[in-house]
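Some notes on the structure that comes next.
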Amino acid sequence: MNFLVHALRTGYPDLVIDEHTPARSLSGHAGKVAWEQALWPRRTRGAVGHVPYLAPPLLAPRAVVTVHDLIPMAIPAYGAGRGQALYVRLVRAGLRRTHTLIADSEWTRKDLARLASVSSDRVHVVPLGVDTRFRPGDAAARSHARQRLGLPERFGLFLSTRDLRKNLGVVLAAWPDVWRICRLPLVVAGRSPREESRVYVDWFADLDPSADDWLHVYGPVDERDKPNLYRAADVFVFPSRYEGFGLDPLEAMASGVPVLAANATSLPEVVGDAGQLLPADDPAAWSDAVSTVAGDSATATEMRERGLARAATFTWARTAELTHAVYQEAAA
């Protein structure tokens, strides 16, 4: 949201933006709901309020609500549990009462109709932008990043959370063939969900001991290190089964990394023909694609160039322009 606010203030200096965040005393689920459904609507009375995430207030029909995804409704495991199920019912009711919605992708717009019975003519598709921190580095910068972060000389990268929908298993199943063909190791980085979580998956439980040769596992990555991690990679793999937008492959493309992504949900809208779109659950397709990119410098160079060109079309200035137009419509 900070990127959007900055872009709005830069592009529309006459637009009055008053940011409201909940007080620290409003902790826990009850405080969250109280803020979303009562306190925030009261503070924004008489103005166009923008809720930048999936928390539509029942009693603020002029609010603009941004829906990044509908994961709790689309994948049962993410919406399970009594408290979560009740909250999803509240969200669904709020979505039906909200007059103006923003979706990050055409996929999410269709999901709103399919899963929440929201008429598509109330939903504006406004893609996200990519932070300018994500840009290519020269060979010396890539080498320095590898050394500083303790990375292999060459590697494929999976950088994301490691929960159920991220589908890391297909990459792990594909990589022994990648290693056999081109000796490219795999770096897996990012946080894993808590073990007690319903979406926790121990992706590494059944790996063959030979994985010690090709697999490097890292924990959470500091946001300051993400650009360098992308730049240092030879290929980025993103087999997620569900994304409301797909910011990770966009950041990778902007960093000059060839991208392989699942041909699922919103990812084709983001990646387009700049990367390769693969079946989400076909390890052979993933091993073939990774081996081709890793072993053919001409293919890798072409994918980098296409990715950079496509990423350049996703700017926060464009997001701000489309969002401002939605504000004007809501105000009218």
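The values are calculated or read from the model by the stated rules, or taken from the named source; none is laboratory data. Just so we're clear, the structure is a prediction, and the values are computed from it rather than from any experiment. Methodologically, a virtual Cβ is constructed for each residue, glycine included, from the backbone with ideal geometry; neighbour enumeration extends over all protein chains shown. Accessible surface is based on the protein model in full, side chains and every heavy atom, while ligands, DNA and RNA are left aside. Shrake-Rupley method; radii C 1.70, N 1.55, O 1.52, S 1.80 Å.
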Within the chain, what whole-number % of the accessible surface is contributed by carbon and sulfur, with the 1.4 Å probe and all protein chains included in the calculation? 52 percent
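Taking only protein heavy atoms into account and a 1.4 Å probe, give the accessible area per residue of the stretch 1-129 in Å². Mind dumping the intermediate values first?
Values: 6990 Å² over 129 residues.
So the stretch 1-129 comes to 54 Å² accessible per residue, rounded to a whole number.
Given +1 on the Cβ of Lys and Arg, -1 on the Cβ of Asp and Glu, and no further charges, what dipole in debye does the stretch 3-113 carry about its Cα centre, rounded to the nearest 20? Write out the running numbers ahead of the final one.
Values: 14 positive and 8 negative charges, 101 e Å.
Charge dipole of the stretch 3-113: 480 debye, to the nearest 20.
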Averaged per residue, what accessible area in Å² does the stretch 194-332 show with a 1.4 Å probe, protein chains only? 44 Å²
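With a cut-off of at most 12 other beta carbons within 10 Å, and DSSP calling the residue loop, which trypsin sites (Lys or Arg not before Pro) in the stretch 1-106 qualify? Please list them.
Details: sites: Arg9, Arg24, Lys32, Arg42, Arg43, Arg45, Arg62, Arg82, Arg89, Arg92, Arg96, Arg97; in loops: Arg24, Arg45, Arg62.
Here the trypsin sites (Lys or Arg not before Pro) that fit, given the DSSP loop and packing criteria, are Arg24, Arg45.
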By how many degrees, between 0 and 90 and to the nearest 10, does the Cα long axis of helix 106-116 differ from the longest principal axis of the chain? 60 degrees
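Can you work out the FRET efficiency for the pair Thr132 and Asp222, with r the C-beta to C-beta distance and R0 = 22 Å, to the nearest 0.05? Write down the numbers at each step before the final one.
Numbers: r = 18 Å, r/R0 = 0.83.
Here the calculated transfer efficiency is 0.75.
With runs of 4+ DSSP H residues as the only contributors, calculate the mean residue ellipticity of the chain at 222 nm using -39,500 (n - 2.57) per run, divided by the residue total and rounded to the nearest 500. If you can, show how the numbers build up before the last one.
On the way: 15 runs with 146 residues, N = 332.
Calculated from helices alone, the mean residue ellipticity at 222 nm is -13000 deg cm²/dmol.
Scan the stretch 235-332 for chymotrypsin sites (Phe, Trp or Tyr not before Pro) in coil per DSSP, keeping those whose Cβ has at most 16 other Cβ atoms within 10 Å, and list them by number.
Details: sites: Phe236, Tyr242, Phe245, Trp286, Phe314, Trp316, Tyr327; in loops: Tyr242, Phe245, Phe314.
Filter output for the stretch 235-332: empty list.
Quick one: if the Förster radius is 30 Å, what FRET efficiency do Tyr53 and Ala205 give, using the C-beta to C-beta distance and rounding to 0.05? Mind dumping the intermediate values first?
Numbers: r = 33 Å, r/R0 = 1.10.
Plugging the Cβ-Cβ distance into 1/(1 + (r/R0)^6) gives 0.35.
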Of the options Ser27, Gln147, Ala252, report the single residue whose Cα projects farthest towards the positive end of the charge dipole of the chain (beta-carbon charges: Lys, Arg +1; Asp, Glu -1). Ser27
If amide H atoms are built 1.01 Å from N in the plane of the peptide, which residues on other chains or at least 5 residues away come under 5 Å of the amide H of Ala262? Phe238, Ser240, Leu278
Specify whether the C-alpha gyration tensor of the stretch 18-135 places it in the rounded, prolate or oblate class, a ≥ b ≥ c being the square roots of the eigenvalues: rounded for a/c under 1.5, otherwise prolate if a/b is larger than b/c and oblate if not. rounded
Spelling it out for Tyr218: with amide H atoms placed in the peptide plane at 1.01 Å from N, the residues 5 or more places away or on another chain with amide H under 5 Å from its amide H are Val188, Ala189, Gly190
The chain: relative contact order from alpha carbon pairs under 8 Å, six or more residues apart, as a whole percent, is 18 percent
extent check for the chain: Cα max minus min per principal axis, descending, whole Å, gives 63, 44, 36
Proximal lysines to Lys166, defined as alpha-carbon separation beneath 24 angstrom and excluding residues fewer than eight positions away on the same chain: Lys110, Lys226
Please give the FRET efficiency for Lys110 paired with Thr301, using the beta carbon to beta carbon distance and R0 = 25 Å, rounded to the nearest 0.05. 0.10
Given points 7 Å out from each Cα along the Cα-Cβ axis, report the Val125 to Ala93 separation in nanometres with one decimal. 3.2 nm
Output the 0 to 90 degree angle, nearest 10, between the alpha-carbon long axis of helix 316-331 and the longest principal axis computed from the alpha carbons of the chain. 20 degrees
Which GluC sites (Glu not before Pro) in the stretch 198-266 sit in a loop by DSSP (not H, G, I, E or B) and have at most 13 other Cβ atoms within 10 Å of their own Cβ? Glu223
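Please label the shape of the stretch 281-332 as rounded, prolate or oblate, based on the square roots a ≥ b ≥ c of the eigenvalues of the alpha-carbon gyration tensor (a/c under 1.5 means rounded; beyond that, a/b larger than b/c means prolate, else oblate). Don't skip to the end; give the middle numbers.
Details: a/c = 8.53, a/b = 2.56, b/c = 3.34.
Cα axes put the stretch 281-332 in the oblate bin.
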Between helix 139-149 and the chain, what is the angle of the helix's C-alpha long axis to the longest principal axis, kept within 0 to 90° and rounded to the nearest 10? 80 degrees
Given charges at beta-carbon only (K, R positive; D, E negative), |dipole| of the chain in Debye: 1360 debye
